[in-house]
Amino acid sequence: MSMIATNAAAPPAPTNLIARFTLAAFGLVPLSLTMAVLRIALALPFWKSAMTKWDDWFTLSFGALASFGDFRLHILGAEYPYPAPELMAYASAVCEFTFPILLVLGLFTRYAALGLLGMTAIIQLTVPDGWQTYHLPWASMALAILTFGPGRFALDYVLGLDRISRPR
């Protein structure tokens, strides 16, 4: 008689009445739906920012270029000018355009979330007062996507590019 071992054993049914109710009430929302909504929520502010930076194909607006010349990095109580501000403006605009598209499609999702997490860190160094209102929620969303993956409603899942976790 052979026994087949599986890696994913079903979790034991909760015995506590509150735990059973919680599972019944909140277990109805699929994790994949949550991850899709989270991907869109993180993509939107960056997409909107990207749309303000471009005048035409491959042409940044004057305001986008000028602002990077005015921005300062706040590091350990000192202010430093951005290195290569024009290059940083283009890199920022391209990333703000590309990463949200990848997130919404669910393509290379974890990498796009990692890129937006990096951008959030740089934005935090540029605008240190925005941590509670903007940067902390953005970082939290990016970390959740990095941790749980894109979910089933994503090209990564359909193409077999990200099946580290198989959310329901």
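Where a number appears in this text, it was derived from the coordinates with a stated rule and is not lab data. What you see is a predicted model; the values in this text were computed from it and never measured. Using ideal geometry, Cβ is built from the backbone for each residue, glycine included, and neighbour counts are taken over all protein chains shown.
Relative contact order for the chain: what is it in percent, counting Cα pairs under 8 Å that are at least 6 residues apart? Provide the component values of the computation, followed by the final result.
Working: 181 pairs, mean separation 43.3, N = 168.
Over the chain, the number comes to 26 percent.
Projecting the alpha carbon convex hull of the chain along each direction and taking the average yields 14.8 nm².
Label separation (Ile122 vs Leu159): 2.4 nm, computed from points 7 Å beyond Cα along the C-beta direction.
What's the ranking of 133-141, 78-86 by average number of surrounding C-beta atoms within 10 Å, highest first? Show your work: numbers first, answer last.
Numbers: 133-141: 16.0, 78-86: 12.0.
In decreasing order of mean packing, 133-141, 78-86 become 133-141, 78-86.
Exposure proxy shown here: for Phe97, Phe62, the number of other Cβ atoms within 10 Å sets the order, fewest to most, as Phe62, Phe97. Does region 52-129 come out rounded, prolate or oblate, given a ≥ b ≥ c as the square roots of the eigenvalues of its C-alpha gyration tensor, rounded meaning a/c under 1.5 and, failing that, prolate meaning a/b above b/c? Oblate is the answer for region 52-129, as a/c is 1.5 or above yet b/c matches or exceeds a/b.
When the Cα positions of Pro45, Phe153, Leu117 are compared along the charge dipole of region 37-158, Phe153 comes out farthest toward the positive end, with charges on each C-beta of Lys, Arg, Asp and Glu. With a Förster radius of 30 Å applied to the beta-carbon distance between Ser67 and Thr147, the computed FRET efficiency rounds to 0.35.
In nm, give the distance between the simple-model label positions of Leu136 and Phe26, each being 7 Å from the Cα along the Cα-to-Cβ direction. If labels sit at Leu136 and Phe26, their model points lie 2.0 nm apart. Magnitude of the charge dipole for the chain, about its Cα centre and with charges confined to Cβ atoms of Lys, Arg (+1) and Asp, Glu (-1), is about 900 debye. Scanning the chain for DSSP H helices at least 15 Å long along the axis (C-alpha atoms) with a Kyte-Doolittle mean no lower than 1.6 picks out 136-148. Ordering Thr126, Thr59 by the number of other Cβ atoms within 10 Å of each residue's own Cβ, fewest first, gives Thr59, Thr126.
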